[in-house]
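Okay, so here's the structure we're looking at.
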Amino acid sequence: LLLPATRISVAPLIVPNDFFVDISRPLAKEGKYAIFLNRFTAAKGAVTLAELWCRAVYDRVHFPLLMVGLGLENGRPDEMKIVEIAKRYPDRLHLTTANEISTRARLLSQAQVAIFAATHDHLPQSLIEAMAAGTPTICTSIDGHAPLALNRVTSLVTDTYLTDLTDMVLELGENTTLCEALVHNAQHAVRCSYSERAAGPVLDRLIDTLTT
């Protein structure tokens, strides 16, 4: 089936309201952990992040990294390597899976920081979800993160080697003003582009285009 270019549209990503938290007052973060939510592959930066956190970052920040996505690459070398790292450092690296929206929203909203370490990626849904959930983010400087991750505006941005990761995690914990500004700006950006209210008019136009 061939459609004229004028009839081709892209539906927007809609973030469920479950992810949006009230950031008008300081958030009580119950969890003392950082979070990574993506596939356990080298392209997503999962192996690099797991090794760096266990060998260097943990010794300075003193809380574990929770990696969510276990089983998405079941049996593949990258995932198996991360599983082995977690076995060597059980106090520093925790692995789990989370398919339900309520679970993802809870884990993201309670994390101290969400880390997006990819060397190549499209704009990750989990990055949009983390920003909606009021969690500060650290992202690598790749094109896929660029639409939302503006350095020291909506996120902290590092290179794909995660060179500044430790210092950035520490800064978010020490600089409350910066952390709150990042969270506010990021959630505002997501609410303006990816909330149900923002997506409604886009979907209406898409339906009109496809039905006329």
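Here are a few things to note about the model shown:
- Per residue solvent-accessible surface (Å²) - the range 76-212, probe of 1.4 Å: 51
- Rotationally averaged projected area of the range 100-172 (alpha carbon convex hull; nm²): 4.6
- Förster radius 25 Å - calculated FRET efficiency between Ile14 and Ala181 (Cβ-Cβ, nearest 0.05): 0.45
- Karplus-derived 3J(HN,Hα), 6.51/-1.76/1.60, for each residue of the range 99-113, Hz, glycine and proline x: 9, 7, 4, 4, 5, 4, 5, 5, 5, 5, 5, 9, 6, 6, 7
- Chain lengthening between Glu100 and Val83 when straightened (0.36 nm per residue, less Cα-Cα): 3.9 nm
- For the pair Asp164 and Asp143, the difference between a 0.36 nm per residue extended length and the Cα-Cα distance amounts to 5.7 nm.
- Using θ = phi - 60° in the Karplus curve 6.51 cos²θ - 1.76 cosθ + 1.60, the 3J(HN,Hα) couplings for the range 49-64 round to 5, 4, 5, 5, 4, 6, 8, 9, 5, 4, 4, 9, 9, 6, 9, x Hz; x is entered for Gly and Pro.
- Across the range 33-42, rounded Karplus estimates of 3J(HN,Hα) from the backbone phi angles (6.51 cos²θ - 1.76 cosθ + 1.60, θ = phi - 60°) give 7, 9, 9, 10, 10, 5, 6, 8, 10, 5 Hz, Gly and Pro being marked x.
- Residue among Ala133, Asn151, Ala98 farthest towards the positive dipole end of the range 38-182, charges placed on Cβ: Ala98
The values are calculated or read from the model by the stated rules, or taken from the named source; none is laboratory data. Worth saying up front: this structure is predicted, and the values here are computed from it rather than measured. Here Cβ is always computed from backbone atoms with ideal geometry, including for glycine, and neighbour counts include all displayed protein chains. Quick note on the areas: whole protein, heavy atoms, side chains included, nothing else; ligands and nucleic acids left out. Shrake-Rupley method; radii C 1.70, N 1.55, O 1.52, S 1.80 Å.
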